[in-house]
């Protein structure tokens, strides 16, 4: 993925705090110094405290220089070894198609998986001047719950994500397109969807990222880009 250098022009703002100028301020001004990062997890069940975390995918978003339009820039992913005593629901494994014991999964322990995904997010925070990452997910509470549970189990001390704030594309998709199911919302946004690829953490995260960007860009074009500063 290409890297972009972000300039920081002084925004021209009206009384309603919406930016109409061609000069686009940095991404950190768009969400109150929060950095939206799209996350999808594949798991061994529905209960974050007892069921295995099997895969994490995170998509870093950036803003195009000159336009401020959001786009998916980088995807980081890691297969995860079930923690000791983790529950593996056969129905969940059938849905996501993951064989936890497959040798080609190259899964790593939870702490190492978190490090692999969190490090590039922390770097992006430094690069953008944002204070904290905010998880973007489809039914985001689910992904955030599993992420927080893994952080708690491993006593991971440098979690870049806000512990409870999130952006939920199920809600945003319902608002923007009248659709809350990911596949339907993605199609309603005019984006492609491949059912055969669904329920892979990478594919679902990247499609959720495309959907989130489409909604934010559509809003900014129709209403004007807000600035939280």
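Observations
Table: residues versus (1) crowded, with 17+ Cβ neighbours inside 10 Å; (2) under 19 Å from the mean Cα position of the chain (by Cα).
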{"residue": "162", "(1), (2)": "no, yes"}
{"residue": "168", "(1), (2)": "yes, yes"}
{"residue": "174", "(1), (2)": "no, yes"}
{"residue": "178", "(1), (2)": "no, no"}
{"residue": "183", "(1), (2)": "no, yes"}
{"residue": "189", "(1), (2)": "yes, yes"}
{"residue": "192", "(1), (2)": "no, yes"}
{"residue": "199", "(1), (2)": "no, yes"}
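- Given (1) more than 15 Å from the chain's Cα centre (by Cα); (2) under 27 Å from residue 111 (Cα atoms); (3) modelled with pLDDT of 95 or more, index of the condition residue 158 fails: (3)
- Some residue of the range 147-159 being touching a residue at least 12 places away in the same chain (Cβ under 8 Å), loosely packed, with under 15 Cβ neighbours inside 10 Å, farther than 24 Å from residue 46 by Cα and in contact with a strand residue (DSSP E or B) (Cβ under 8 Å, 6 or more places away or on another chain): no
- The set of residues from the range 167-215 being farther than 26 Å from residue 34 by Cα and touching a residue at least 60 places away in the same chain (Cβ under 8 Å) comprises 199, 200.
- Qualifying residues in the range 37-62 (those that are more than 14 Å from residue 100 (Cα to Cα) and surrounded by fewer than 24 Cβ atoms within 10 Å (Cβ to Cβ)) - the one farthest from the chain's Cα centre (by Cα): 50
- Pair list, Cβ < 7 Å and 6+ apart or interchain, from the range 98-117 residues that are at positive phi to residues that are modelled with pLDDT of 95 or more: 106/79
- The residues in the range 30-67 that are modelled with pLDDT of 90 or more, out of contact with any helix residue (DSSP H, G or I) (no Cβ under 7 Å at 6 or more places or on another chain) and over 30 Å from residue 108 (Cα atoms) can be counted, and the count is 5.
- Of all residues in the range 63-84 being touching a strand residue (DSSP E or B) at 6+ places or on another chain (Cβ under 9 Å) and farther than 22 Å from residue 161 by Cβ, the one that is surrounded by the fewest Cβ atoms within 10 Å (Cβ to Cβ): 64
The values are calculated or read from the model by the stated rules, or taken from the named source; none is laboratory data. All figures in this text were calculated on a predicted structure; none of them were measured in a lab. So basically every Cβ, Gly included, is an ideal-geometry build from the backbone, and we count neighbours across all protein chains shown.
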